[in-house]
1. Given ARG81, ARG60, ARG108, which one is among the charged types (D, E, K, R) and not assigned by TED's automatic domain parsing to the domain that holds ALA137?
2. Kindly indicate which of GLU136, GLU83 is out of contact with any helix residue (DSSP H, G or I) (no Cβ under 7 Å at 6 or more places or on another chain) and free of Cβ contacts under 8 Å to residues at least 24 places away in the same chain.
3. Cβ-Cβ below 8 Å, separation at least six or inter-chain, first residue in region 57-75 and farther than 22 Å from GLY115 by Cα, second modelled with pLDDT under 95 and surrounded by 10 or more Cβ atoms within 10 Å (Cβ to Cβ): which pairs?
4. Being out of contact with any strand residue (DSSP E or B) (no Cβ under 9 Å at 6 or more places or on another chain) and either under 30 Å from SER126 (Cβ atoms) or hydrophobic (A, V, I, L, M, F, W, C) (or both) narrows it down to one of GLY37, GLY26, GLY53, GLY103, so name that one.
5. Do we find a residue being in contact with a Cys (Cβ under 8 Å, 6 or more places away or on another chain), charged (D, E, K, R), more than 30 Å from ARG21 (Cβ to Cβ) and surrounded by 14 or more Cβ atoms within 10 Å (Cβ to Cβ) anywhere in region 75-91?
6. Can you find, within region 120-144, the residue that is nearest to ASN90 (Cα to Cα) among those that are among the acidic types (Asp, Glu) and surrounded by fewer than 15 Cβ atoms within 10 Å (Cβ to Cβ)?
7. Scan region 127-143 for residues that are farther than 15 Å from SER80 by Cα and out of contact with any Lys or Arg (no Cβ under 9 Å at 6 or more places or on another chain) and jot them down.
8. If the Cβ limit is 6 Å and pairs must be 6+ apart or interchain, which residue in region 1-23 that is under 22 Å from GLY34 (Cα atoms) pairs with which residue that is surrounded by 10 or more Cβ atoms within 10 Å (Cβ to Cβ) and at pLDDT below 95?
Amino acid sequence: MELHNLKPAKGSVKKRKRIGRGQGSGRGGTSTRGHKGQKSRSGYSRPFAFEGGGITLWMRTPKRGFKNINRKEYVPINISRLEKISAKYNESVLSLEKLIELGIVGKRDLVKILGSGELTCKLEVSAHAVSASAKEAIEAKGGSVNLV
């Protein structure tokens, strides 16, 4: 076997269906679109989830509650995790830029410090939001909290 002898398997490659190229082609005239009707016209596109004019599935299904478009989704970080981070990277100042640089939070994330766990060292923390218990725990150890 050599490169110039290679051919695709028999029946695996089919010719493209050339539509609207005259009566002699067998696909002229209506060009496989049938006769008349909306779908035979140029520019036709059916609406999303169209079900023949009946009520679509998404309109039939019951809806509950609502989605608040003003909701702010925070990434929670407990003070126990902050302590592990400060010990691992030997940092006492944990700003948002530092947390992003270390890959703990994303660039567009909103960060909220929560008060779960024990804190044994002094920390300077900056975040978008802080719970009352977390603020109390950080300030009890002589640290500070900056809201961005």
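The values are calculated or read from the model by the stated rules, or taken from the named source; none is laboratory data. Given the structure is predicted, the values throughout are model-derived calculations rather than measurements. Please note: Cβ atoms are built from the backbone with ideal geometry, for glycine as well, and neighbour counts cover all protein chains shown.
1. Checking each option against the conditions leaves just ARG60.
2. Going through GLU136, GLU83 in turn, just one is out of contact with any helix residue (DSSP H, G or I) (no Cβ under 7 Å at 6 or more places or on another chain) and free of Cβ contacts under 8 Å to residues at least 24 places away in the same chain: GLU136.
3. LEU57/GLU51
4. GLY103
5. Checked against the condition, which is being in contact with a Cys (Cβ under 8 Å, 6 or more places away or on another chain), charged (D, E, K, R), more than 30 Å from ARG21 (Cβ to Cβ) and surrounded by 14 or more Cβ atoms within 10 Å (Cβ to Cβ), region 75-91 yields at least one hit.
6. Filtering region 120-144 for residues that are among the acidic types (Asp, Glu) and surrounded by fewer than 15 Cβ atoms within 10 Å (Cβ to Cβ), the one nearest to ASN90 (Cα to Cα) comes out as GLU139.
7. Correct list: ALA132 only.
8. Between residues of region 1-23 that are under 22 Å from GLY34 (Cα atoms) and residues that are surrounded by 10 or more Cβ atoms within 10 Å (Cβ to Cβ) and at pLDDT below 95, the close pairs are ILE19/ARG27; ILE19/SER31; ILE19/THR32; GLY20/SER31; GLY22/GLY28.
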